[in-house]
Structure formats: C-alpha cells, structure tokens
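Scroll down for the structure; my scribbles are underneath it.
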Amino acid sequence: MSLAIFDLDNTLLGGDSDHAWGEFIVAHRIVDPDEYKARNDQFFNDYLAGRLDIQIYLNFCLQLLGEHPTEQLDAWHRQFMQEKILPIVLPKAQTLIERHRQAGDTLMIITATNRFITGPIARHLGIDILLATECEKTDGRYTGRTADIPCFRDGKVSRLERWLLENNRTLEGSHFYSDSHNDLPLLSMVDHPVAVDPDDTLRAHAEAQGWPVISLR
C-alpha cells in the first residue's frame with residue numbers, strides 16, 4: 001500500500017479551516033471581535049507571504065482552548081462544522097480521496113492547523129490518519145499550549161518521518177497534494193508531488209519541475 005497524503009486547507013477544503021475558526025468565534029462574539037479579527041487576519045497574511053512565526057501564532061490561537069471547558073469547545077465546533085466547514089468541502093476532493101481509497105492506498109491528512117479544529121474534519125472526510133499541530137491537554141482539559149513539533153513546513157517533514165519510522169512504512173509510490181509553497185520541503189520528498197490550486201510560488205516551482213498541477217475547485 002502506498003501513502004496518499006493530503007494537505008487540508010485550500011487543498012481538500014475550498015478555504016482555510018484555521019482562519020474560518022477565527023471568523024466563527026468573532027462572528028459569535030466568543031472573543032473580542034475587533035481585536036481578534038485584526039490579529040487573525042494579520043497572521044493569515046503572514047502565512048500567505050511565507051513569514052508566519054508559527055509559535056507566536058499558536059500561542060494566540062490556542063489561548064481560547066485553555067479558557068473554556070472541553071464540552072463547550074466541542075459544542076462550538078459542531079456549530080462551526082455546520083456553518084463554516086461543510087459548505088467548503090470540495091466534491092472533487094472527495095472524489096480524489098475515494099479514488100485513492102479504492103486503489104488501496106493509505107490515506108493521511110497532514111496539516112499545520114491544530115488537531116482541535118481538524119480532527120472532526122478528518123473524520124468527516126473518512127481519513128483516520130491525521131498529523132496535525134497538537135494541543136496540550138491536562139486532566140482532559142486543554143491548557144492553551146502546544147505539544148510536540150508544530151506540523152508546519154519542516155515540522156511536517158519531521159512529523160511524517162517519525163510516523164514512517166514508527167509504522168515501518170516508506171514513501172515508495174507516495175502522493176502528496178498541496179496548495180502551498182510552505183509544503184515544498186515535503187512535496188520534494190514524495191514520489192508523486194501534486195500542486196492543487198497552488199499559490200504563485202508553488203505553481204512556478206511545480207511547472208519548473210514538471211509536477212502535475214490540478215484544480216479541485
């Protein structure tokens with residue numbers, strides 16, 4: 001069985017789940033709307049520009065998890081799925097996932113977005129293996145801090161390499177689908193890198209390398 005690895009945001013989804021969560025908690029006034037929206041938008045622009053300081057961002061966005069009981073957070077997330085995520089699940093992405101499933105490939109999502117946000121999305125897509133930025137928990141409650149290596153840029157490579165070692169797997173025959181130049185380190189490792197609705201930097205690199213460029217929109 002070969003690995004079929006998918007980035008999540010702007011790849012399988014027609015949008016960014018991390019940013020959408022920020023929009024959701026602003027719209028429902030779970031946070032101070034003006035201050036949070038301004039900072040969330042700035043972090044998102046930094047990400048698009050390739051200059052995001054991942055640890056500063058994670059300290060900002062995970063703070064909310066440490067301030068509320070898990071039951072409340074889960075209730076908000078169920079509402080978030082209905083309002084923000086289900087409308088941006090791409091039918092062509094679901095078809096692509098199913099094609100790899102029927103081929104007998106092992107399906108994996110690898111994403112910089114934290115597990116609180118992405119775990120239910122991966123389950124909705126029917127993908128059991130999720131490598132995401134981890135949220136620390138103590139006694140069943142989020143602390144507002146990260147655990148493990150953030151699953152971002154080279155961190156994605158580190159987390160995947162560890163998973164391969166722990167599961168006695170290789171990247172032979174592997175695919176990786178992503179929209180972002182932030183994923184170039186991992187795209188360069190797999191046998192079949194695929195640029196999906198890519199940003200300008202990734203599109204130029206993919207075209208120069210002869211990688212497939214596809215659209216799931």
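The values are calculated or read from the model by the stated rules, or taken from the named source; none is laboratory data. Treat the numbers as computed from the prediction; the structure is a model and nothing was measured. Please note: Cβ atoms are built from the backbone with ideal geometry, for glycine as well, and neighbour counts cover all protein chains shown. What goes into the accessible areas is simple: the full protein's heavy atoms, side chains included, and nothing from ligands, DNA or RNA. Shrake-Rupley method; radii C 1.70, N 1.55, O 1.52, S 1.80 Å.
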Could you work out how far helix 200-209 tilts from the main Cα principal axis of the chain, as a 0 to 90 degree angle to the nearest 10? 20 degrees
Rounded to the nearest 5, what is the percent of antiparallel bridges among the DSSP beta bridges in the chain? 25 percent
Helix axis angle, 91-102 relative to the chain longest principal axis, alpha carbon, degrees: 60 degrees
Efficiency by 1/(1 + (r/R0)^6): what FRET value for T143 and N168, r their Cβ-Cβ distance, R0 = 35 Å, to the nearest 0.05? 0.60
Check: C-alpha center the range 160-217 vs C-alpha center the range 46-111, spacing in Å is 19 Å
If Lys and Arg each add +1 and Asp and Glu each add -1, what is the summed charge of the other residues whose beta carbon sits under 14 Å from the beta carbon of Y57? -2
Quick one: if you stick a label point 7 Å off each Cα along the C-beta vector at I214 and D34, how many nm between them? 4.6 nm
Going by a ≥ b ≥ c, the root eigenvalues of the Cα gyration tensor, does the range 84-183 fall in the rounded group (a/c under 1.5), the prolate group (a/b larger than b/c) or the oblate group? oblate
Magnitude of the Cβ-charge dipole of the chain, K/R +1 and D/E -1, about the Cα centre, nearest 20 debye? 380 debye
Hz values of 3J(HN,Hα) by residue in the range 164-177 - Karplus curve (6.51, -1.76, 1.60), Gly and Pro given as x: 4, 5, 5, 10, 6, 10, 10, 9, 4, x, 6, 10, 9, 10
Of all accessible heavy-atom area on the range 82-217, the percent that carbon and sulfur account for (1.4 Å): 47 percent
If ligands, DNA and RNA are left out, what is the accessible area of F24 with a 1.4 Å probe, given in Å² to the nearest 10? 0 Å²
With charges set only on the Cβ (+1 for Lys and Arg, -1 for Asp and Glu), what does the dipole of the range 1-50 come to about its Cα centre, in debye to the nearest 20? 100 debye
Roughly speaking, what is the stretch gain from L48 to I129, that is 0.36 nm per residue apart minus the C-alpha to C-alpha distance, in nm to one decimal? 26.6 nm
Please compute, for the alpha-carbon atoms of the chain, the extent along each of the three principal axes and give them in descending order in Å. 46, 36, 30
What part of the accessible area of the range 1-79, given as a whole %, is carbon or sulfur when the probe is 1.4 angstrom? 48 percent
Over the chain: helical MRE at 222 nm, DSSP H runs n ≥ 4 each giving -39500 (n - 2.57), nearest 500: -13500 deg cm²/dmol
Rolling a 1.4 angstrom probe over the protein heavy atoms, how many square angstrom per residue are accessible across the chain? 47 Å²
Please report the relative contact order for the chain, taking Cα pairs under 8 Å with a sequence separation of at least 6, and give it as a percent rounded to a whole number. 25 percent
Run down the aspartates and glutamates and flag those whose C-alpha is under 13 Å from the C-alpha of K92, throwing out any fewer than 8 positions away in its chain. D197
